[in-house]
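Down below is the structure, laid out as structure tokens.
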Amino acid sequence: MRIFLYLLLLTILSPISRADQRISIAYGDHNSPPYVIYDNNKRVVGGHFLELAKFLSEELNVDYRMVFTPRTRLLELLKSGHIDLYCNLNKKWVDEPSEFDWYPGLFEDVNLLYTNQDKFKDIKKLSEVKETIGTITGFSYHPQFEKLISRVGRYDIKSHENLIKFLGLKRVGLIIMSKNIAENYMIKHKVNLSPVSSFRDSFLYQCIVSKKLQLDKNKLFKALDKFKSKM
């Protein structure tokens with residue numbers, strides 16, 4: 001009996017192993033390089049999100065799990081605690097942001113209006129646009145872009161890659177696009193996209209954090225500070 005109690009006490013007092021703790025980081029097919037790089041099975045093999053996951057794993061001494069999460073289920077899974085963290089969002093884009101914890105901007109980016117057709121390249125102002133705009137399904141944009149979209153209409157497409165492909169096929173003539181994603185795509189696929197109009201929507205991608213996070217939030221935020229300083 002004494003031996004049993006001794007072993008039980010050792011179990012209780014032993015530190016929790018790395019395998020018993022984990023941080024779950026969401027991604028989806030709405031994310032694109034340089035943020036997420038996939039293989040053919042939609043598994044993450046590179047990009048900023050994976051770099052972040054590996055960094056947090058080392059800093060917090062926990063395992064990490066990359067969880068494929070449809071955009072439509074992201075907030076639901078964060079609320080339930082099935083997902084801990086997603087770093088490609090902004091408070092302004094979420095209803096009832098107080099239901100979550102937030103880390104200030106981690107990634108800087110800019111949304112621009114792009115084209116690959118000469119007839120649109122001389123557009124200087126959004127007021128000059130008459131063409132339906134290619135957009136990402138379910139995505140809300142800057143009020144100036146939303147005003148434009150309400151006037152000319154939107155053509156919703158699921159991913160940034162398909163947005164550029166539809167532009168190449170001339171299914172759309174103009175698209176709203178992340179500068180970081182557009183530049184990454186242009187280098188990789190050797191295509192040319194030209195910004196249209198002088199309007200730029202600069203923004204920060206913030207990290208949305210589940211309030212059911214099992215890890216120490218202050219330690220997580222300090223680790224995110226450290227990661228950001230290395231960007």
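The values are calculated or read from the model by the stated rules, or taken from the named source; none is laboratory data. What you see is a predicted model, and the numbers here were worked out from it, not measured in a lab. Reconstructed Cβ throughout: ideal geometry from the backbone, glycine too, with neighbour counts over all protein chains shown. These accessible areas exclude ligands, DNA and RNA; they are computed on the full protein's heavy atoms, side chains included. Shrake-Rupley method; radii C 1.70, N 1.55, O 1.52, S 1.80 Å.
Taking K and R as +1 and D and E as -1, what net charge do the other residues with C-beta under 15 Å from the C-beta of Phe145 add up to? List each step's numbers first, then the result.
Details: positive: Lys92, Lys125, Lys147, Arg151, Arg154, Lys179, Arg200; negative: Asp109, Glu128, Glu131, Glu146, Asp156, Asp201.
Value of the local net charge: +1.
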Query raised in the report: Of the heavy-atom accessible surface of the chain (probe 1.4 angstrom), what whole percent is carbon and sulfur?
Result: 51
Query raised in the report: Using the Cα atoms of the chain to build a convex hull, what is its mean projected area in square nanometres?
Result: 15.3
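Rounded to the nearest whole Å², what accessible area per residue is found for the chain with the 1.4 Å probe?
On the way: 13180 Å² over 231 residues.
Result: 57 Å² per residue.
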**Report entry** Integer Hz, Karplus 6.51/-1.76/1.60 couplings in order for the range 28-39, x for Gly and Pro
**Finding:** x, 6, 7, 8, 9, x, x, 6, 9, 10, 9, 9
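Report the relative contact order of the chain, percent, no decimals, based on alpha-carbon pairs under 8 angstrom and at least 6 residues apart.
On the way: 367 pairs, mean separation 65.3, N = 231.
Taking the mean separation of contacting Cα pairs over the length of the chain, I get 28 percent.
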Query raised in the report: So how far, in whole Å, is the C-alpha centre of the range 156-173 from the one of the range 79-145?
Result: 16
Report task. Kindly provide the helix-only [θ] at 222 nm of the chain, computed as the sum of -39,500 (n - 2.57) over DSSP H runs of four or more divided by all residues, to the nearest 500 deg cm²/dmol? Result -> -10000 deg cm²/dmol
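If we count every other residue with Cβ under 9 angstrom of Leu112's Cβ, Lys/Arg +1 and Asp/Glu -1, where does the sum land?
+1
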Report task. Please identify, among Asp84, Asp39, Asp201, the residue showing maximal mean-square fluctuation in a Gaussian network model of the chain using a 10 angstrom Cα cutoff. Result -> Asp39
Report summary line: Counting as exposed only trypsin sites (Lys or Arg not before Pro) in DSSP loop states with no more than 15 other Cβ atoms inside 10 Å, the longest exposed-site-free span of the chain is 44-120
